[in-house]
Structure formats: C-alpha cells, structure tokens
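Novice: Here it is, the structure in full.
The values are calculated or read from the model by the stated rules, or taken from the named source; none is laboratory data. Predicted, not measured: the structure shown is a model, and the values here were computed from it. We place every Cβ from the backbone using ideal geometry, glycine too, and count neighbours over all the protein chains shown. SASA here: full protein model, heavy atoms, side chains in, ligands and nucleic acids out. Shrake-Rupley method; radii C 1.70, N 1.55, O 1.52, S 1.80 Å.
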Amino acid sequence: IIVSSRHQSAIIKIGRDKKVKWIIGSHEGWKKPFADKLLTPVDASGKPIACDKFMNHCENKFDWTWTQHTAWRINEKSKKGDVYLTVFDNGDGRGMEQPALADEKFTRGVMYKIDQKKMTVEQVYEVGRKEGHAYYSPVTGLARYMDDKDSFVVYYSTSGLSGPSGGMKGPIKPHPYLAEYKFGSADPAVLMRF
C-alpha cells in the first residue's frame, strides 16, 4: 500500500506484513524506527545529491513533495525492485517553511523512481515549477502518467484560490488548469483553463 500522508508531507509504502518499507519526505523530525526508512535522494547515475542537514533543500532541483496528493504507482514503468510514482505536489510549506512572499509558492506534478533495495529516490521529471504562483493549488489536485500517450496529465484544481482571479471582482474564485505534457517536455501540449 502506498499512502500519501498530506499533512506530514510524506509518501509511505506499507507492506503486506503491515510494516513501513520506505518513506519519501524531508528527514526532519523523524525518529526511530521510521528514520531508518527515509529514502536518500540521488541523481540519474545513482550518486547521492547534496542536501542541507535535514534534507529540506537539495541540489540539482531535487525536491520532496509538500502537502501532496495522488501518490500513484506507475505499473507500466515499475519493475522488480524499482517503483515509479507520480505525485501532485501542492507545495505549501516547501522546505518546512513559508516563503517571505505568498506568491513565491508553486505547485508541480512530479515523477519519482524508488530503488527499494538501495533505499534511494530519484526525481525523474517535474512540471509546474516554471508556471509559478499562477498555477499554485493550495488544496487538492492530481498528477498522473498516461502510458497510452506517453504523457503526463496535471490538474491544478484550485489555482487562484489563494489570491485574485483574473481581475474578477467579489470573492476569490479558483481558475483550475488541466494540462497534458508530452513526457519530458516542460511546456503543455494541451492546456485548458476552467
């Protein structure tokens, strides 16, 4: 079972024996026996990525998910020992802190590869960082790899909820985006705003 524990900003795998197998997330605050289950971030060659003391901030644009949703296993890519996941990273509390300016927050869709034997995690792909605060979705959303099209679909479901929406007067109204990215591309091939 893979659990998205939103308010811990952690993704946790629990085996059939009801024991925690691994945890994707910042290393800050975890104690034994769970601290031993935290995955180490690596680059594409398997080399550990340099991070700060608690691994809240890492090099090579590696990032954990923060208040995330939809941690889904990609069966078509996962092989024995390796698990691929897509996750909707809402981005609130990124790095265990709130930014000085609210408009520095961003949401992203991300794909990870977990090597269960080596207890490592590689960030394979991400979208949404460059769109920035305009696509920031503080609650809900989804990201999913679509094998039939080799694409990545991201639903920024509550973008606009945290601020003015396109100059509209009155209460704040979300303006969700549904985007489909050709896998590997930073720009959506299809983009719809609701």
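Novice: Please build a GNM for the chain, connecting alpha carbons under 10 Å apart, and tell me which residue among 95, 128, 184 fluctuates the most.
Specialist: Evaluated over the chain, the most mobile residue of the options is 184.
Novice: Residue 185 to residue 139: FRET efficiency via 1/(1 + (r/R0)^6), r the Cβ-Cβ distance, R0 35 Å, to the nearest 0.05?
Specialist: The computed FRET efficiency comes out at 0.85.
Novice: Okay, moving on. Can you sort 126, 59, 28 by 1.4 Å-probe accessible area, starting with the largest?
Specialist: Sorted descending by solvent-accessible area, the residues read 59, 28, 126.
Novice: Heavy atoms only, probe 1.4 Å: what % of the accessible area of the chain goes to carbon and sulfur, would you let me know?
Specialist: 55
Novice: Given Cβ point charges of +1 (Lys, Arg) and -1 (Asp, Glu) and nothing else, what value in debye, to the nearest 20, does the dipole of the chain about its Cα centre take?
Specialist: The dipole of the chain has a size of about 700 debye.
Novice: When the solvent-accessible surface of protein heavy atoms is calculated with a 1.4 angstrom probe, in what order do 96, 111, 119 fall, highest first?
Specialist: Order by accessible area, largest first: 96, 119, 111.
Novice: Taking the Cα centre of segment 71-168 as the origin and placing charges on Cβ (Lys, Arg +1; Asp, Glu -1), which of 145, 155, 132 is farthest toward the positive end of the dipole?
Specialist: Highest projection toward the positive end goes to 145.
Novice: Can you tell me how much longer the chain between residue 97 and residue 192 gets when fully stretched, taken as 0.36 nm per residue apart minus their C-alpha distance, in nm with one decimal?
Specialist: Gain on extension, residue 97 to residue 192, equals 31.1 nm.
Novice: Counting only heavy atoms of the protein chains, get the accessible area per residue of the chain (1.4 Å probe) and round it to a whole Å² value.
Specialist: With all protein chains present, the chain gives 54 Å² per residue.
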